[in-house]
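The values are calculated or read from the model by the stated rules, or taken from the named source; none is laboratory data. Fair warning: this is a prediction, and the values are worked out from it, not measured in the lab. Glycine also receives a Cβ, built like all others from the backbone with ideal geometry; neighbour counts cover every protein chain displayed.
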Amino acid sequence: MEIIILLALVVLLVIFITRTVTISNKLKNLEWDLSKLKSLNTRVEQLEAGEEKPIQSARHEVKAEPQLTTQVPILQSAPQTLPRTEEPPMAITDQPSIQVLQKTEEEPSRTREEWETFIGGKLLNRIGAFALILGIGFFLKYAFDQNWISETVRVLIGAFVGLTCLGLAYRTHKKGFRIFAQGLVGAGISILYLSVYASFNFYQLMPQWIAFLLMAFVTALTLGIVLFYNSLAVALLGWAGGFLTPIMLSTGQANEVGLFTYIVLLDLGILALLVKRDVWTILEPLTLLATWSIYFLWHFEFYSSDKLFPTVLFITFFWILFHTRDVIRMLISPQTKSVIHHVVSSLNIALFYPVLYTILNIDHHEWMAPATLLVGAVYLVTVLAIKKKTEVTAVLHPQFILTSIALLVVATFIQYHDFTTVILWSIEAIAIVWCGLHWNLRYVWQSGLVLIFIAGVKLLATDGALAFVPIEEFKPVINLRSLTFLVESAALAVSAKLFLRRVRHPDARIISLLEYATCVFLFIGLTVELNDFFGLQRLNQPEDVQMGLSFRLFMSLAVAYMVYSLPFVWLGLRTNRIPLLISGLGALFLATSLAVIRGIAFDPISLFHPLMNVRSLAIVLVLLMMIAQTRQLNTHRGSIEWLSDVLSTLQIALVVLILVLLTGETRDFFEKQLAGFAVLEDSQVRTDDLLRAGNLEQLSLSGVWLIYSVALMVVGIWRKLRGLRIISIALFGITILKIFIYDLSFLETLYRIVSFVGLGLILLAVSYAYQRFKYIIVGTASPVNE
């Protein structure tokens, strides 16, 4: 404690020396300016003694002109009659002196006597009052330690000295010694605080309620005196004395109720003073920091879990006091709020809530979330109450609203975990976005959007989000994870809808981002549900069954993605929402890609049954939905430019998907036979059968491709679809290459004959069709015979 007081005195001494040196430098500069001015006057007198009449008239004009800067050009006209030797000094050396004279007249500096009065009468008064407080404090503490004075006499001496200081201050103030009186007031108030505090906290000379009344009296007395003298210096002295009292007289014993009751009353008095003297802004942050500094000193030395309730009560009092001060200021002058006020408001909750969490969460975690919600509700209720009294835009500053939002989010995080937290955050985010749009407060709806995306990140980072754990407990669709994905997607979709309905000129980027995010989370939820469903089926199954389930998973995903695309494409076309349309088309092409890539070969081949299998069913369903999508898109071809390209791509995808189905069914029919022959014991029979089945497989593939190409050509000619005819010709080319390269090299003679004859006949037939129906193909009026 002695080190702290010594440091304070050293700081005061340094400040005093610094101010003294600064004042000394200013006095030297002033003396130099005065000497320059004297030199200027001497030179002007010399010039006046030798100048002629024109110069005299000019001099009279200078005297009549109030602005001294006009002297410079007039004096510089003197070379018409004056000797040349005097011209340069007039033009160069005298001008700065005239400017110095002008500065001294416009901004008068303090004289040496005034500086001496300030230092001796005011600065030394302040330091003397502070030193008097410290001296009396040290004397009393030493006397108490030596038992020189009884406890009652000690308190009476303190009260007498304090009241005497106040009386002397009043008399000296009436006589005009206001600065001296202010120092006595600061000392008297501090000593009275010390006396009342010591009488209850250390000596138990009075019950608590009497001490409480006396402290209230001293606080009220301080408030009245400070208002009477209207002096910030007195207020600062009272502030310093009030907060130094419990530190200087500390006995090393924990008396929480006495200490913090005193601090609450002191805070109450200072904050009440600021209601009348709002310009003394510096007192508010000083009081807040001093209050929490004393708390932390007490907490680290004396706090234990058995003091939980009174500690929570007192720190809540601290928070409520400064919060109430902020509310009163907003009601009195809602338009004015300085940076210091914002800092104090932020520090108030930034200091209170971590302390509350630290002492409450250890033994009573279940209380923490309700307590957090209660604190946030205070800020929200404050905003709603003030809204009825004053203009919304003037009062609803971001601090209160953002604080209530942050505490709501924190309370949810404390009380709940994993998917439940994400669900509640999503619901809270919708409410915050609605409030922000309803109140037209940008930072509020921005907070809601941030919370939605934080919930999305939390969802994807939660254990079991992408793979259910444990998989044995998985129940398709009816589980908390699927509900979480739905709620998160709904929060994104509802937010986008709110922007479309409530904002006159909504930001298209925000809405598009929300709509894309909605589609993505629904897509992820659908994917993980299907994946875990088949993962549950694969548990404890043989290897071939697991392979079959994996194949079914991909086929099911293809169908699911196609079903997923239907409502988004429909809704995107109906509402002209491009993000929904693009998301639906993306799922459509992903479904087609899965069906093409994974459907080319059945797995495992031992479970294959021609046509009556999961692949055929999946590809047929995908084809039917693709046709429905094509019809749907075709009706809106003219409204969106790039839909024509999408339709052309869809036609190609349809053709390729049918080709994959035909190829896969044909190939797997023979592959199953080849797999059956491989298990025969007779090697000769096995080799002949394998060779014959392989030849039939290749011949059948060539035949299927050729027949399919012909069918495409027929439809292309009949429907006048040039794209379909081009695809048919491309497929003919692929088939020709296969026959000439593969079939010619590996097939036996009989199969080669059949393959080439079939190819020749089909190509001739196609050529004849092109000649016969050329008028349809090229669009001429009638058939052309060549």
- Query: Which pairs do you get when a residue that is without any contact (Cβ under 8 Å) to a residue 40 or more places away in the chain, found in segment 581-595, comes within reach of a residue that is of a type in the set (Gly, Ala, Ser) and surrounded by fewer than 22 Cβ atoms within 10 Å (Cβ to Cβ), reach meaning Cβ atoms under 9 angstrom, with the pair 6+ apart or on two chains?
  - Reply: Ala591/Ala560; Ser593/Ala653
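Okay, residues lined up against (1) touching a His at 6+ places or on another chain (Cβ under 7 Å); (2) outside any loop (DSSP other than H, G, I, E, B); (3) over 24 Å from Phe400 (Cβ atoms); (4) not aliphatic (A, V, I, L, M):
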{"site": "Val444", "(1), (2), (3), (4)": "no, yes, no, no"}
{"site": "Lys458", "(1), (2), (3), (4)": "no, yes, yes, yes"}
{"site": "Ala465", "(1), (2), (3), (4)": "no, no, yes, no"}
{"site": "Thr484", "(1), (2), (3), (4)": "no, yes, yes, yes"}
{"site": "Ala496", "(1), (2), (3), (4)": "no, yes, yes, no"}
- Message: Taking the conditions exactly as written (touching a residue at least 40 places away in the same chain (Cβ under 8 Å), farther than 22 Å from Phe322 by Cα, of a type in the set (Ser, Thr, Tyr) and not assigned by TED's automatic domain parsing to the domain that holds His341), does Tyr303 satisfy them or not?
- Response: no
- Query: Does any residue of segment 193-216 turn out to be at pLDDT 75 or above, in a helix (DSSP H, G or I), within 22 Å of Thr311 (Cα to Cα) and small (Gly, Ala, Ser)?
  - Reply: no
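Yes/no matrix, rows are residues, columns are (1) assigned to a helix (DSSP H, G or I); (2) aliphatic (A, V, I, L, M); (3) out of contact with any Phe, Trp or Tyr (no Cβ under 7 Å at 6 or more places or on another chain):
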{"position": "Thr592", "(1), (2), (3)": "yes, no, yes"}
{"position": "Ala595", "(1), (2), (3)": "yes, yes, yes"}
{"position": "Ser606", "(1), (2), (3)": "yes, no, yes"}
{"position": "Pro610", "(1), (2), (3)": "no, no, no"}
{"position": "Val620", "(1), (2), (3)": "yes, yes, yes"}
{"position": "Met626", "(1), (2), (3)": "yes, yes, yes"}
{"position": "Thr630", "(1), (2), (3)": "yes, no, yes"}
{"position": "Arg637", "(1), (2), (3)": "no, no, yes"}
- Restricting to segment 343-386, what's the tally of residues that are surrounded by fewer than 15 Cβ atoms within 10 Å (Cβ to Cβ) and closer than 25 Å to Leu283 by Cα? 4
- Among the residues of segment 630-638, is any buried (at least 18 other Cβ atoms within 10 Å of the Cβ) and in contact (Cβ under 8 Å) with a residue 12 or more places away in the chain? yes
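Is segment 363-375 home to any residue that is aromatic (Phe, Trp, Tyr) and closer than 26 Å to Phe317 by Cβ? Spell out how you get there, then give the answer.
Initially, segment 363-375 is screened for residues aromatic (Phe, Trp, Tyr), giving 367.
Still in the list and also closer than 26 Å to Phe317 by Cβ: 367.
Yes.
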